[in-house]
Amino acid sequence: MGAALEIRNLHVSVNNQSILKGVNLIVQQGEIHALMGPNGSGKSTLSNTIMGHPAYEVTAGQVIFDGVDLLELETDERSRLGVFMAFQYPVAIPGVTVANFLRNAINARRKVANVDDKGIPIPQFRKLMIEKMDMLHMDHTFAGRYLNDGFSGGEKKRAEILQMAILEPKIAVMDETDSGLDIDALRVVSDGVNRLYNADLGVLVITHYQRMLNYIRPQFVHIMMNGQIVESGGPELALTLEERGYDWLREKQNGEN
Ligand code: ADP
Ligand code: MG
């Protein structure tokens with residue numbers, strides 16, 4: 001069996017305010033999960049916590065990956081284990097091309113495996129990058145662009161997907177941080193996920209938008225409200241959401257409380 005990301009009874013606070021209130025979720029390699037929910041329900045808090053953002057304080061519960069306690073590790077260690085976070089490097093880096101950036105990312109990894117590593121030979125790197133760009137149907141000129149410098153929403157996503165293709169994570173967490181996610185960016189992400197998806201890749205797609213699920217077909221759909229997953233199901237749950245929105249869940253919650 002492949003590696004799994006296991007979130008167990010996770011409670012998280014930001015500025016001493018409790019945001020996540022007992023989240024349970026397991027994502028296995030080879031599975032696509034969608035986490036949906038209204039704005040402010042805690043979706044990004046979950047992804048930030050998985051990756052180790054310092055502002056998010058875990059007050060209870062666990063995040064385990066492949067049997068390892070992720071909460072004990074630094075962000076880059078988490079990433080080296082094979083957990084990929086789509087918005088790891090959202091900032092513009094002047095003077096660094098997409099290709100340079102990706103080569104540095106690969107070399108940093110190789111160095112951890114072997115301190116004497118001299119880095120990936122350029123011809124090998126070029127071959128790898130071209131192979132991945134072709135797989136993703138990307139124009140080769142993209143590799144020469146300066147990272148995030150004047151990138152559209154779609155181009156930022158393209159850079160992230162290419163990074164994901166090259167790093168080959170076991171689990172990818174893709175948080176569609178709402179603003180600026182135009183239809184182009186949405187397509188890039190969903191095409192990318194669909195092309196990269198295989199038995200060794202597990203994906204947690206986090207989105208506020210139901211329309212995302214017109215492009216990505218998750219096997220599992222979870223709905224977060226008020227810091228908890230209140231409903232889980234198969235793809236049919238996304239259809240119910242499309243028809244009925246979130247209100248029926250709010251009512252159901254109120255009925256239970
Ligand atoms: P979602 O991604 O579902 O829209 P978030 O996780 O971004 O939800 O936010 C959930 C709640 O946590 C909101 O009330 C938000 O204001 C608060 N929150 C999240 N991150 C921070 C932060 N860094 N600083 C202060 N409040 C935050
Ligand atoms: Mg969010």
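None of the figures in this text is laboratory data; all of them are computed from the coordinates on show. In this text the structure is predicted, and so the values were computed from the model without any measurement. Every residue, glycine among them, receives a Cβ derived from its backbone with ideal geometry; neighbour counts consider all protein chains shown.
Computed quantities for the displayed model
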item	result
Segment 28-90, relative contact order in percent, only Cα pairs under 8 angstrom and at least six apart counted	23
Selection from Gly95, Phe151, Leu128, by position along the positive dipole direction of segment 86-155 (Cβ)	Leu128
Table column - 3J(HN,Hα) (Hz), segment 56-71, Karplus curve with 6.51, -1.76, 1.60, x for Gly and Pro	9, 9, 7, 9, 6, x, 9, 10, 10, 10, 6, x, 9, 6, 5, 5
Using alpha-carbon coordinates, inclination of helix 247-256 to the longest axis of the chain, degrees	50
GNM flexibility winner over the chain from Gln17, Gln28, Gln210 (Cα, springs under 10 Å)	Gln17
Pairs of Cα atoms farther than 19 Å apart, segment 1-72, %	31
Most mobile listed residue (Ala199, Ala238, Ala113) in the chain, GNM with C-alpha springs under 10 Å	Ala113
Test item: Cα-centred dipole of segment 1-96, Lys/Arg +1 and Asp/Glu -1 on Cβ, debye	320
Links that overshoot a 22 Å alpha carbon limit, given the list Lys21/Lys157; Lys132/Lys156; Lys111/Lys157; Lys43/Lys170; Lys111/Lys170	Lys21/Lys157; Lys111/Lys157
Estimated translational D of the chain in µm²/s (Stokes, Kirkwood radius over Cα pairs; 10 °C; 1.306 mPa s)	84
Simple Cβ-charge dipole of the chain, Lys/Arg +1 and Asp/Glu -1, about Cα centre, in debye nearest 20	580
With Cα atoms, 0 to 90° folded angle of helix 183-196 axis to the chain main axis	70
Nonlocal amide H pairs with Gly61, under 5 Å, H built at 1.01 Å	His11
At 0.890 mPa s and 25 °C, Stokes D of segment 113-257 from Kirkwood alpha-carbon radius, µm² per second	141
Cα-Cα P(r), segment 1-123, percent of pairs per 5 Å interval	2, 9, 17, 19, 18, 14, 11, 7, 3, 1, 0
Against the rule of thumb 2.2 N^0.38 Å, how large the Cα Rg of segment 90-193 comes out	1.09
Length released on extending from Asp149 to Glu256, taking residue separation times 0.36 nm less the Cα-Cα span	33.6 nm
